[in-house]
Amino acid sequence: MARDKAALELPADQRYIPAATSFVGQFAQELGLSEKQAKKLQCATRTSLSNLMVRRGVDRLTLFVESCPHELRLRFVDTGIPTDEPFTSLHPEGLHVYLTEHELDEVRFSYLGRQGNETLLVRSFQEPPPARTPLSQPKVDIAADAEYEVRLMRPEEALEVARCIYTAYGYSYPVDAVYLPQRLQALCESGEMLTAVAVCDGQIFGTMSLEPGFGATVRDMGLAATYPECRGQGAAKRLFSFLVEEAARTGLEGLTGWGVTAHVYSQKLAGDEMRPCALLVGNAPNTFQIKGMEQTQRGSVIGYYRELQPGQRAPVSVPARHRDMVETLFDRLGWHTAAPTGAFDRQDHSELIVRGNQERAGAILSLKTAGKDARRVLTDAHDRLTQTGTVEFMVILDLADPGTADLAEFLEAEQHYFFCGIMPRTSCGNALLMQCLHTEPLDYDQIQLLSEEAKDLRAYIQKGDPSQ
């Protein structure tokens, strides 16, 4: 396996060969080869590129330079027309001369099918090249019993927050803004985000944010990030409590939180402070991985909610078979449920907001207003998205709309949707969440959940999933 690897894509124009040979020579010398040895590799690179550009008829090709424990590999990959192996015209004596002149140990040619063709040059080492010294990560040294402050991020600290999140998650954190200091600063100044930091002796060692949520008066509790050497200080709990107080102080009405289900670690904090109310199964492809949370099937997330103004009344219109579960979920969140009352004048046309996510092949269909054409509008949107490769759908329906029960029945019976939970205070009101998956059936046993309430919700959703 390559320890270090570099790639250079270049046009199939001989004017670019000097740039490629310089690239190879510099890489070789960084591995400890002498200038003379590096020049031999540069000569081999020049010969190979010239040969490929003339014989293949390609527009572009890619050169890979790879350092392995006992050898250096030069790989030339092209998508040109298949031809005879470049070195088959050499007699064994001629090939031996070629290898000797360029101080190479092996030349190999492979067809890669639809990926094109590969020419491989190998130069062995008697001793493995020195290991590359990794770039140092920021280190924060804080005593286990040290006192520290939790407060809001200051504008000039946005870069330090980005570095803290990068150290904890790499580039796998799901919100791009946290990696862009100016963007993070602007969102915090506007109130769209609230970012808290844990600070000891002027050094930020932990952070957590309230991020835009499903509704205008709701924020989403982001993931906590702390430097690895500072874990165990209880910073995540203090950051969470601080943000809850700050959210209430600024007039927010509710908080949501999400935990991945590849394991239960990300659920511990939210599970202690919030209540589960939704489980989005197959919500992300297995190519979308949070650092340290790998999974073998499409990922699922458990949704939590915390009401900041308990005692609210929630009119709910749901199919009769879901009423007990919906009432149980609202009761846990501190809401009182009731049947919708009063006359309801339905408009002719629906208002549907569609948000697609190409990376996860998913879409959210938020029905802000259910008109007389709601069934057709939802069906048409679903069909159009299916044609673009969307495989995971979530529909958000207003539970206060007396017609939601009938619409949910239609989606379950005709479109193969299934109940996946509720979410208060969304842009569509208190919402019924329904999902549809065009994927292989999920193994619900791989969905790991911490609390018994979450496990009960998983069992209920699995029972309604038509693929099970």
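No value in this document is a laboratory result; all are computed from the given coordinates. Being a predicted model, the structure only gives us computed values, none of them experimental. For neighbour counting, all protein chains shown are included, and Cβ atoms are generated from backbone atoms with ideal geometry for every residue, glycine included.
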With each pseudo-label sitting 7 Å past Cα toward Cβ, what's the residue 263-residue 320 distance in nm, one decimal? 4.6 nm
Using the alpha-carbon centroid of each, what span in Å lies between region 306-320 and region 148-224? 30 Å
One point scatterer per Cα, no solvent, Debye formula: log10 I(q)/I(0) for the chain at q = 0.06, 0.10, 0.14 Å⁻¹ comes out as -0.41, -0.88, -1.20
A student applying the Cα gyration tensor rule (rounded when a/c is under 1.5; otherwise prolate if a/b is larger than b/c, oblate if not) would label region 240-384 oblate
Would you list 261, 369 from fewest to most Cβ contacts within 10 Å? 369, 261
If R0 = 25 Å, then residue 190 and residue 353, at their Cβ-Cβ distance, give a FRET efficiency to the nearest 0.05 of 0.70
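Once every DSSP H run of n ≥ 4 in the chain is given -39500 (n - 2.57) and the sum is divided by its residues, what mean residue ellipticity at 222 nm do you get, rounded to the nearest 500 deg cm²/dmol?
After summing the helix terms and dividing by the residues of the chain, the value is -9000 deg cm²/dmol.
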Rounded to the nearest 0.05, what FRET efficiency do residue 14 and residue 171 give with R0 = 35 Å and r taken as the Cβ-Cβ distance? Could you check? 0.40
I need the trypsin sites (Lys or Arg not before Pro) found in region 351-416, filtered to DSSP loop residues with at most 15 other beta carbons within 10 Å of theirs. 372
For region 132-269, the Kirkwood Rh over every pair of distinct alpha carbons, in Å, works out to 15.4 Å
For 108, 123, which order do you get if you count the other beta carbons within 10 Å of each Cβ and list the fewest first? 108, 123
Got a sec? How would 391, 316 order by Cβ neighbour count within 10 Å, fewest to most? 391, 316
